[in-house]
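K.L.:
For reference, the structure I am asking about is given below.
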């Protein structure tokens, strides 16, 4: 049972870490692109918000899988 809880914690932690790295790269590329071509800033910002929404789905899916592991798989293991 403990291994399932550890697996869920790893899933949530790695999802959060990957999302943080993804947001850092996305924000850096937005600033870099806006500095090169300021006239494209509104278009780039819209596309960045769309990508941020998609990127934010990763930890939510991880939390869903982790909750499934904790509440469905772990009680059946014990």
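K.L.:
Do you know the relative contact order of the chain, to the nearest whole percent, from alpha carbon pairs under 8 angstrom that are 6+ apart?
P.N.:
Relative contact order here is 59 percent.
K.L.:
Something else now. If you look at just the Cα atoms of the range 2-72, how large are its Rg and its Dmax in Å?
P.N.:
Cα radius of gyration and Dmax of the range 2-72 are 16.4, 54 Å respectively.
K.L.:
Cα axis of helix 2-36 to longest principal axis of the chain: angle in degrees, 0 to 90, nearest 10?
P.N.:
0
Every read-out reported here was derived from the displayed coordinates using simple, explicitly stated rules and does not represent laboratory data. Note that the structure is predicted; figures quoted are calculated from it, not measured.
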